[in-house]
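Let me begin by presenting the structure, written as structure tokens, before commenting on it.
Throughout, read-outs are computed from the coordinates displayed, never taken from laboratory work. In this text the structure is predicted, and so the values were computed from the model without any measurement. No Cβ is skipped: glycine too gets one built from the backbone with ideal geometry, and neighbour counts run over all protein chains shown.
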Amino acid sequence: LRSLALRRRCAGLLLLGMLGLQPGKTWTGSPAEVLPRRALLSASVLGAGPLWTLRAAVAQEGPEQREALYRGKVVGLRESAEWYRFFVGDIVRRGGGENAPDGLKITDDECGGGLCSAGKALTELQSLVSAGGPRQGGLSQVERALTTPMFLIVGAEVWDPDSNYIEDARKVAGSFQQTMQELGTSLKTKKDAVAADKLYRRSLTELNKFFQICNEAGGAKQTDVEFLPPLPLKDDELESSEYWIAERKAFDELNDPVRIFSERNAFGSRELRYNLKRFPGATLLLR
């Protein structure tokens, strides 16, 4: 997600420049009530300054600026959701002993106190959902990639204020946040692969509820880049769906170490090459 974070920071700085604000300038007003306390303690996901700086900018500008910021956050959430389903999902499966190189489960005597592949996977999963240090604003990697953008989307002031979309989405985002905290606490207490898998599947259901609300509230169509496809709850769908097969291939290519090395030494516009490769299976959603 390093390159994604860089793109978000650049997008945030560009947006602030368009709105005539300085990246480090704070807002003296009160933060929006829709955002949880932990989100307010963090820097903006865009990396361009305090969270309420961007909220103040949105409040002061017209619908076009708010719509642009909203669309950018939704597209970023779509990318982070794929990371959560592919990368984190693989860790969850390996934690249960599936596809583990040594073929061991955490409950096997041969695991050696959690030093087998499954045990290491559960430890890695715990680190992804556990609070980070001061440089990360005290947030976990999952909170930075998913939870905080979800609350920012809710507070983007784009949806119909007279509808139930805002309140419903806020509740679902809060449920997802609570599930992640429960997952971290559970793994800290005991490396239980079954319990971790159950909580992970619950989080997928919560994300899909949030995605459904976003699609309906924002009027996104399946061919729109800001459309949020429901994440597969079962792993076999990842291997049988044309859309998810295409997305997984693109995700693996994007995060391939050899490709990343070549990208650092490539000529031309990286953004152009990147946009041509992302979401290649979008048209397959119509089938």
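Residue by residue through region 201-213, which ³J(HN,Hα) values in whole Hz follow from phi under the Karplus form 6.51 cos²θ - 1.76 cosθ + 1.60 (θ = phi - 60°), with glycine and proline marked x?
5, 5, 5, 5, 4, 5, 4, 5, 5, 5, 4, 4, 4
Which log10 I(q)/I(0) values does region 162-208 give at q = 0.30 Å⁻¹ under the Debye formula, counting every alpha carbon as one identical point scatterer?
Each listed q maps to, in turn, -1.04.
In nm, what is the difference between 0.36 nm times the number of residues separating E242 and D256 and their Cα-Cα distance?
Gain on extension, E242 to D256, equals 2.9 nm.
What ranking do 165-172, 240-247 get when scored by the average of other Cβ atoms within 10 Å per residue, highest first?
Result, highest mean first: 165-172, 240-247.
So what are the radius of gyration and Dmax for the Cα set of region 148-241, in Å?
Radius of gyration, then largest Cα-Cα span, for region 148-241: 15.2, 45 Å.
By how many nm would the segment from S127 to F87 grow when fully extended, if each residue of separation counts as 0.36 nm and the alpha-carbon distance is taken off?
Numbers: separation 40, 0.36 × 40 = 14.40 nm, distance 1.37 nm.
In short, 13.0 nm is gained.
How fast does region 87-213 diffuse by Stokes-Einstein, in µm²/s, taking the Kirkwood radius from C-alpha pairs at 4 °C and 1.567 mPa s?
83 µm²/s
Hey, which lysines would be in cross-link range of K234, C-alpha to C-alpha under 26 Å, not counting anything within fewer than 8 residues on its own chain?
Within reach: K105, K120, K171, K188, K190, K191, K198, K209, K221, K249, K277.
Using alpha-carbon pairs under 8 Å, 6+ residues apart, how would you state the relative contact order of region 138-259 in percent? Show your work: numbers first, answer last.
Working: 79 pairs, mean separation 23.4, N = 122.
In percent, rounded to a whole number, it is 19.
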